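A.B. asks: Starting off with a structure, shown below.
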There are 2 protein chains.
Amino acid sequence: MTHVLYDPTLTQTSGRFVVGGEEAHHALRVKRLTAGDVVRVQDGAGGVVECRIVRAHKGRDGWGLELEAMGPSRRVERVRPIVHVRSAAPKGDRLEAMIDALSQCGAASWSVLGCAHSVVEPRAGKMSRLRRTTEESLKQCGRAWLMEIGEPIDFDRALCASRGTIVLADATGETCNGAIGDEVTLLVGPEGGFSERELGMAQDAGACVCSFGPHAMRIETAAAAACAIIMRGARV
Amino acid sequence: MTHVLYDPTLTQTSGRFVVGGEEAHHALRVKRLTAGDVVRVQDGAGGVVECRIVRAHKGRDGWGLELEAMGPSRRVERVRPIVHVRSAAPKGDRLEAMIDALSQCGAASWSVLGCAHSVVEPRAGKMSRLRRTTEESLKQCGRAWLMEIGEPIDFDRALCASRGTIVLADATGETCNGAIGDEVTLLVGPEGGFSERELGMAQDAGACVCSFGPHAMRIETAAAAACAIIMRGARV
């Protein structure tokens, strides 16, 4: 499989350019790529270009990878439906595993959802590690679009600021048949569930209350399963 | 939520009986349940009975919990479709996380699938820890049926011994619409994918080759997403 480099500054459509930092270091020292090898450079916003490594150099700023585009860059459309996941945060490593899974399933964005029964609020340091997780995942799973990590959002605000159809994952809901619309805001609550007030507000806002499986699920399982079911039929 | 005790020897339909071992210890020392509290006892094979704690005692064999059934035991039917997952094993902790997720999603059984590109073969010690994971998961997610951990099975044998519709998860497949049948054997390959020979054999055996998302997925994400999509519509 062609090695993928993530470079959000990619604006070139042809010619030579340089990728530095961690991406260059990883490609050269871990993957041991050398001059002549072909890599794919992605900007995480649909831009993709195949390049050949011209040369590698190590300067004062670390490793640099001089690349030559093998043709014009392509633009890949977003996967549809566009699913914005707003979920409570599971504890510890399970949060990073959830972000990785959501990225693989094709979610467009994720924000931590503040609910009445929420118990975990990830700190700033953790949130920035999550951005790194989405970059790694983009390369692993071949997404052309980076899953966005948004700012934390409270339940009330998440309802108001929702885009497309609102889907609230709850065991009391109807079975979801997965064909919901072109853009979906998916709300997944904490392990204690949504409060009565939250369920009422969601219904008033016209949300579909949906169940995504026969049993109770942990946050990360519910989020990934619901996203996979809603994305069903999605194609790149 | 009522505390759940798992006791595979449950045969009583009424009267008093004793639960010992880890289950009793956990209920008494971690959950701090006492005489008069109500618990639910499940045998992992559909048998469920609500009981009141009569008394707790500590003898030479450890903690014992004397219970009195509050009524006849109920029999809960298996969730349908019945999904048998046969997958390659992901590395390290990801295997246990996958087993937990599959149990929550409602899979009936799981076995490690030996494929041409498999790289991980879990040892016996790990396999027995997985059984413990399914017991914990049963209690957490409210399943009446324990997800079975089967013996490792090679790809060829998995095809011959499959039950119901064979579904092979592969990026080259058609989008799966989730309505496949009442019993499904789901095959999920290693990160290197199925070999050409395996794909050919599966097609010869009449397998549905299905894609469960727009991007490449890790083993554990693919298995849980595919299971959730196939189980869609399942009800207890």
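The values are calculated or read from the model by the stated rules, or taken from the named source; none is laboratory data. Fair warning: this is a prediction, and the values are worked out from it, not measured in the lab. Note that we place each Cβ from the backbone using ideal geometry, even for glycine, and neighbour counts take in every protein chain shown. Each accessible area value is taken on the protein alone, full model and side chains, heavy atoms only, with ligands, DNA and RNA left out. Shrake-Rupley method; radii C 1.70, N 1.55, O 1.52, S 1.80 Å.
A.B. asks: Quick one: compute the contact order of chain A, relative version, from alpha carbon pairs under 8 angstrom and 6+ residues apart, as a percent.
C.D. replies: Values: 499 pairs, mean separation 49.4, N = 236.
Relative contact order here is 21 percent.
A.B. asks: Which distances, in nm and shortest first, link the B:Gly21 label point to the same label point in every other copy, taking 7 Å along Cα→Cβ?
C.D. replies: Those separations, rounded to one decimal, come out as 5.3 nm.
A.B. asks: At q = 0.15, 0.16, 0.33 Å⁻¹, what log₁₀ I(q)/I(0) does a Debye calculation on the Cα points of the range B:106-150 give, no solvent, two decimals?
C.D. replies: Debye intensities relative to I(0), on a log10 scale: -0.44, -0.49, -1.20.
A.B. asks: Taking the Cβ of A:Phe17 as the center, what net charge do the other residues with Cβ under 11 Å away carry, scoring Lys and Arg +1 and Asp and Glu -1? Provide the component values of the computation, followed by the final result.
C.D. replies: Values: positive: A:Arg16; negative: A:Asp7, A:Glu66, A:Glu68.
Within the 11 Å Cβ shell, the charges total -2.
A.B. asks: Amide H to amide H under 5 Å from A:Leu186: which residues, 5+ apart in sequence or cross-chain, H placed 1.01 Å off N in plane?
C.D. replies: So A:Leu186 has HN proximity to A:His84, A:Val85, A:Arg86, A:Val167.
A.B. asks: Which distance in Å, rounded to a whole number, links the C-alpha centroids of the range A:1-76 and the range A:135-163?
C.D. replies: Spelled out, the Cα-based centre of one part sits 25 Å from the other.
A.B. asks: On to the next question. Given label points at 7 Å from Cα along Cα→Cβ, what nm distances, shortest first, separate A:Arg32 from the same residue in every other copy?
C.D. replies: Label-point separations across copies, in nm and ascending: 5.7.
A.B. asks: How many Å³ per residue does the convex hull of the Cα positions in the range B:182-236 occupy?
C.D. replies: Numbers: hull volume 5.1 nm³, N = 55.
Taking the convex hull of the Cα positions in the range B:182-236, it is 92 Å³ per residue.
A.B. asks: Could you work out the Kirkwood radius for the protein assembly as shown, taking every pair of different alpha carbons, averaging 1/r and inverting it, reported in Å?
C.D. replies: Numbers: mean 1/r = 0.0416 Å⁻¹.
For the protein assembly as shown, inverting the mean 1/r across all distinct Cα pairs yields 24.0 Å.
A.B. asks: Using Cα pairs under 8 angstrom and six or more residues apart, how large is the relative contact order of the range B:28-103, in percent?
C.D. replies: Values: 86 pairs, mean separation 16.5, N = 76.
This gives 22 percent for the range B:28-103.
A.B. asks: Here is a follow-up. For q = 0.10, 0.18, 0.22 Å⁻¹, what log10 I(q)/I(0) does the range A:47-186 give under the Debye formula with an equal point scatterer on each alpha carbon and no solvent?
C.D. replies: Those come out to -0.45, -1.10, -1.42, one per q.
A.B. asks: Please list A:157-167, B:185-195 highest first by mean number of surrounding beta-carbon atoms within 10 Å per residue. Present the calculation step by step, with values, prior to reporting the outcome.
C.D. replies: On the way: A:157-167: 18.0, B:185-195: 21.5.
Result, highest mean first: B:185-195, A:157-167.
A.B. asks: Oh, and also: Report the net charge of residues surrounding B:Ala89, where surrounding means a beta-carbon distance below 9 angstrom and charges are Lys +1, Arg +1, Asp -1, Glu -1.
C.D. replies: Values: positive: B:Lys91, B:Arg94, B:Lys126; negative: B:Glu121.
Computed value for this residue: +2.
A.B. asks: Right, something else. Whose amide H sits under 5 Å from the amide H of A:Ala116, counting only residues 5 or more places off or on another chain, with H placed in the peptide plane?
C.D. replies: A:Ser195
A.B. asks: Taking only Cα atoms of chain A, what ratio of Rg to Rh do you get with Rh as the Kirkwood inverse-distance radius?
C.D. replies: On the way: Rg = 20.0 Å, Rh = 19.0 Å.
Value, to two decimals: 1.05.
A.B. asks: I've got another one for you. Run the dipole for the range B:86-236 about the Cα centre, Lys and Arg Cβ at +1, Asp and Glu Cβ at -1, nothing else charged, and hand back the magnitude in debye, nearest 20.
C.D. replies: 500 debye
A.B. asks: Under a 5 Å amide H to amide H cut-off, with H placed in plane at 1.01 Å, what residues pair with B:Val76 once short-range neighbours are removed?
C.D. replies: Result for B:Val76 returns B:Gly47, B:Val48.
A.B. asks: Would you mind telling me the antiparallel percentage of the DSSP bridges in chain B, rounded to 5?
C.D. replies: Details: 21 of 49 bridges.
Of those bridges, close to 45 percent are antiparallel.
A.B. asks: Under the rule of -39500 (n - 2.57) per DSSP H run of 4 or more residues, summed and divided by the residues of chain A, what mean residue ellipticity at 222 nm is obtained, to the nearest 500 deg cm²/dmol?
C.D. replies: On the way: 6 runs with 64 residues, N = 236.
For chain A, the value works out to -8000 deg cm²/dmol.
A.B. asks: Moving on to the next point. Could you state how much accessible area A:His117 has, in square angstrom rounded to the nearest 10, with a 1.4 Å probe and all protein chains kept in place?
C.D. replies: 80 Å²
A.B. asks: What whole-number value in cubic angstrom gives the convex hull volume per residue for the C-alpha atoms of the range B:104-214?
C.D. replies: Numbers: hull volume 13.1 nm³, N = 111.
Residue-normalised Cα hull volume stands at 118 Å³.
A.B. asks: Report the relative contact order of the range B:51-188, percent, no decimals, based on alpha-carbon pairs under 8 angstrom and at least 6 residues apart. Mind showing how you got there, number by number?
C.D. replies: On the way: 200 pairs, mean separation 37.7, N = 138.
That works out to 27 percent.
A.B. asks: I need the shape label for the range A:1-91. Rule: rounded when a/c is under 1.5, else prolate if a/b > b/c, else oblate, with a, b, c from the alpha carbon gyration tensor.
C.D. replies: oblate
A.B. asks: Next question, about the same structure. Compute the Cα gyration tensor for the range A:81-130, then decide on rounded, prolate or oblate, letting a ≥ b ≥ c be the square roots of its eigenvalues: rounded whenever a/c is under 1.5, prolate when a/b is larger than b/c in the other cases, and oblate in all that remain.
C.D. replies: Because a/c hits 1.5 or more and a/b fails to exceed b/c, the range A:81-130 counts as oblate.
A.B. asks: Can you pull the mean other chain C-beta count within 10 Å for peptide A:217-225? Working shown, then result.
C.D. replies: Values: counts 9, 7, 0, 5, 10, 3, 0, 8, 11.
Across the residues of A:217-225, the mean count of other-chain Cβ atoms within 10 Å is 6.
A.B. asks: Show me the helices of chain B, taken as full DSSP H stretches, that run 15 Å or more along their long axis by Cα and average 0.5 or above in Kyte-Doolittle hydropathy. Present the calculation step by step, with values, prior to reporting the outcome.
C.D. replies: Numbers: long enough: B:93-105 (18 Å, 0.06); B:124-141 (26 Å, -1.19); B:219-231 (18 Å, 1.88).
Result, helices passing both filters: B:219-231.
A.B. asks: Hey, another quick one. Taking each label point as 7 Å beyond Cα in the direction of the beta carbon, state the distances from B:Asp93 to the same residue in the other copies, shortest first, in nm.
C.D. replies: In nanometres, ordered from closest: 0.3.
A.B. asks: Moving on. Please list, in order along the range B:58-70, the HN-Hα scalar couplings obtained from phi with the Karplus expression 6.51 cos²θ - 1.76 cosθ + 1.60 (θ = phi - 60°), rounded to whole Hz, x for Gly and Pro.
C.D. replies: These are the phi-based 3J(HN,Hα) values: 10, x, 5, 8, x, 6, x, 10, 8, 10, 10, 4, 8 Hz.
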